[in-house]
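The structure under discussion appears below in the form of structure tokens.
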Amino acid sequence: MLDSLPVIYLDNNATTKVAPSVFEAMTPFLTEYYGNPSSIYAIGADAAKALTQAREQVANLLHCEAKEIIFTSCGTESDNTAIESALRTTRKRHVVTTQVEHSAVRNYCEHLESRNVAVTYIPVNSDGTLEIKEIERAIRADTAIVSIMWANNETGVLFPVEEIAEICKTKGVLFHTDAVQAVGKIPINLQKNKIDFLSLSGHKIHASKGVGALFVRSGVRFSPYLIGGGQEHGKRGGTENVASIVGFGRAAVLAEANLQDEQIRIKALRDRLESGILQSIPCARLNGHPSSRLPNTTHISFEGIEARNILLMLDQHGICCSAGSACTTGSLEPSHVLRAMGISSSLARSAIRFSLGVYNQEHEINRVLDILPKIISQLQETRPQTTVL
Ligand code: PLP
């Protein structure tokens, strides 16, 4: 990257910058109040008090009770824990999920299959949306849990998880949603729905990496998985990552404050970026449903151009975004999400995800709209031509 160029960060679905006030809230718990929250003396008690406050702050964001929040190490741990807990408490051997889940759920389900748990992977439509009746049909007498993401990390497409939770309730099946991408971007009110488990992650909402949470509705049976021990009221062992949890609480307060006006501003910037690209670059194609999606995400294929080459050239201008999901970047395999949507492998390999956040400004979008068409033209000119013999 050229030294003097400021970074234009458009990869907020991969991770986010720690907010300055989050960093400020965390620091005293690394330097001053470093006591173990289980200890009786003052610096331990101060840490315990801060944990209580953070739990309330995260619960406020989700409109649930503080006692329904278990702090974990990440969204992935929360996802794995919810599914495993349902299998253990129900003693049933079938899971329903979708073909487009994040690897946090997908890989775990594949692991479960090797343990002789049956998994049904529901397909999606070409715009990435889901047919609710397919889920209804997939639920069996031995289904332990239905696990469906609230928002897709690649396309941003939203799934009707509240309706699905209702169906699960009437069928007596537990419902988990991976809301790692939805939290902080759309309003979530757990008092108004029947979701049993919900996963979220700190680093997607301007807290630090290495902290997450799992909502477990009061009354839902829970079995701790992986990390047994006394902490988190016996639900997740290990001395609490106090500073990160305190930061997570602070980030939840910021997210709540930003849910209305700020998300409208971000959506306007996203729409400006998207329509600017689609109008100025003839080979650009939008992937995913145009309206039923997160306000910050746009996923666009540039027909005939390798996404990796676009990313490298954008990086030279200080512009950060990603090809498909962060986890598949660097591999030439088309993403499983786009494959499930029936998008051809050449279009899938040319797809770029732009995900905006609270720190993005209009002048940054203008700069991308100035640079990107030039990059695409340059790559089209240098593309090896196929000779027809
Ligand atoms: N679920 C979704 C939808 C995600 O986008 C991610 C991260 O990208 C995760 C789960 C995993 O979260 P974490 O990185 O906190 O483990």
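The values are calculated or read from the model by the stated rules, or taken from the named source; none is laboratory data. Since we're looking at a predicted model, the values are computed, not measured. Neighbour counts are summed over all protein chains in view; Cβ atoms, including those assigned to glycine, are modelled from backbone coordinates with ideal geometry. We work out accessible area using only protein heavy atoms, side chains counted, and drop any ligands, DNA or RNA first. Shrake-Rupley method; radii C 1.70, N 1.55, O 1.52, S 1.80 Å.
Restricting attention to the stretch 52-96, report how many residues are within 12 Å of the ligand (Cβ to nearest atom) and farther than 14 Å from G202 by Cβ.
Adding up the residues that qualify gives 4.
Which one of these is small (G, A, S), surrounded by fewer than 16 Cβ atoms within 10 Å (Cβ to Cβ), in a helix (DSSP H, G or I) and touching a residue at least 60 places away in the same chain (Cβ under 8 Å): S21, S78, S126?
S21
Restricting the search to the stretch 24-60, which residues are of a type in the set (V, I, T) and in a helix (DSSP H, G or I)?
Matches in the stretch 24-60: T31, I43, T52, V58.
Can you tell me how many residues within the stretch 333-353 are assigned to a helix (DSSP H, G or I) and of a type in the set (A, V, I, L, M, F, W, C)?
Result for the stretch 333-353: 5.
Quick one: in the stretch 82-123, of everything that is open to solvent by less than 10 Å² (accessible area, probe 1.4 Å) and assigned to a loop (DSSP other than H, G, I, E, B), which residue is farthest from G342 (Cα to Cα)?
V117
Picking from R285, R339, R349, R367, which residue would you name as being surrounded by 17 or more Cβ atoms within 10 Å (Cβ to Cβ), under 22 Å from N125 (Cβ atoms) and not hydroxyl-bearing (S, T, Y)?
Every option except R349 fails the conditions.
Taking E232 as meeting all but one of (1) at pLDDT 95 or above; (2) closer than 26 Å to R88 by Cα; (3) of a type in the set (D, E); (4) away from the ligand (no atom under 16 Å from the Cβ), write down the number of the exception.
The one condition E232 does not meet is (1).
Assess whether A213 counts as being within 16 Å of K17 (Cβ to Cβ), within 16 Å of the ligand (Cβ to nearest atom) and modelled with pLDDT of 95 or more.
no
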